[in-house]
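The values are calculated or read from the model by the stated rules, or taken from the named source; none is laboratory data. These figures come from a predicted structure and were not determined experimentally. Note that we place each Cβ from the backbone using ideal geometry, even for glycine, and neighbour counts take in every protein chain shown. Remember, those area values only see protein heavy atoms, side chains included, never the ligands or the DNA or RNA. Shrake-Rupley method; radii C 1.70, N 1.55, O 1.52, S 1.80 Å.
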Amino acid sequence: VQLQACGGGLVQAGGSLRLSCAASGSTFRIYAMAWYRQAPGKQRDSVAQIINSGSTNYADSVKGRFTISRDNAGNTVYLQMNSLKPEDTAVYYCNARLSGRAPTWGQGTQVTVSS
């Protein structure tokens, strides 16, 4: 499975961005997709995940502001980010969890929120 993420950019605090991540290849192996982020000098942390049933969960820091979703085919995952804060600034990575395989990562997309 290969992941291609896009949608990052520069936005003012309070603004919105939508990230997308398209999966290709053996997508039938995907049972969950997720977004992580990594700020400079910090570890990579989970932001949101969605499993095939549609169940979602979020990091406490983004609850109520971010929404993860998938398209009907299940091959593209989105992260709608509203009410962005400077502390949301990070490189955002898409992740796919695969049955019978190690998880795979996208290339990362930079999100910068100015105050």
Give the residues of the stretch 47-69 that are modelled with pLDDT under 95 and open to solvent by 90 Å² or more (accessible area, probe 1.4 Å), sorted by residue number. ASN52, SER53
Look through the stretch 1-37, keep the residues that are in contact with a helix residue (DSSP H, G or I) (Cβ under 9 Å, 6 or more places away or on another chain) and within 29 Å of SER99 (Cα to Cα), and return whichever of them is modelled with the highest pLDDT. ARG37
Evaluate the following for ARG97: is it closer than 19 Å to GLY8 by Cα, basic (Lys, Arg) and part of a strand (DSSP E or B)? no
Which of the residues spanning the stretch 37-80 are under 20 Å from THR112 (Cβ atoms) and not in a loop (DSSP other than H, G, I, E, B)? ARG37, GLN38, ASP45, VAL47, ALA48, PHE66, TYR78, LEU79, GLN80
Per the filter on the stretch 23-36, residues under 25 Å from SER61 (Cα atoms) and either hydrophobic (A, V, I, L, M, F, W, C) or assigned to a loop (DSSP other than H, G, I, E, B) (or both) are ALA32, MET33, ALA34, TRP35
If you check VAL62 against the conditions, is it aliphatic (A, V, I, L, M), touching a residue at least 60 places away in the same chain (Cβ under 8 Å) and under 24 Å from SER16 (Cβ atoms)? no
Could you say which residue among ARG29, ARG18, ARG44, ARG37 is open to solvent by less than 50 Å² (accessible area, probe 1.4 Å), out of contact with any His (no Cβ under 6 Å at 6 or more places or on another chain) and not small (Gly, Ala, Ser)? ARG37
Kindly indicate whether any position in the stretch 70-79 is open to solvent by 60 Å² or more (accessible area, probe 1.4 Å) and among the basic types (Lys, Arg). no
Within the stretch 105-115, tally of residues that are open to solvent by less than 50 Å² (accessible area, probe 1.4 Å), under 13 Å from the mean Cα position of the chain (by Cα) and not small (Gly, Ala, Ser): 2
Does the stretch 81-92 contain at least one residue that is farther than 24 Å from SER115 by Cα and open to solvent by 30 Å² or more (accessible area, probe 1.4 Å)? no
How many residues, within the stretch 1-15, are under 13 Å from TYR78 (Cα atoms) and either open to solvent by 30 Å² or more (accessible area, probe 1.4 Å) or in a loop (DSSP other than H, G, I, E, B) (or both)? 4
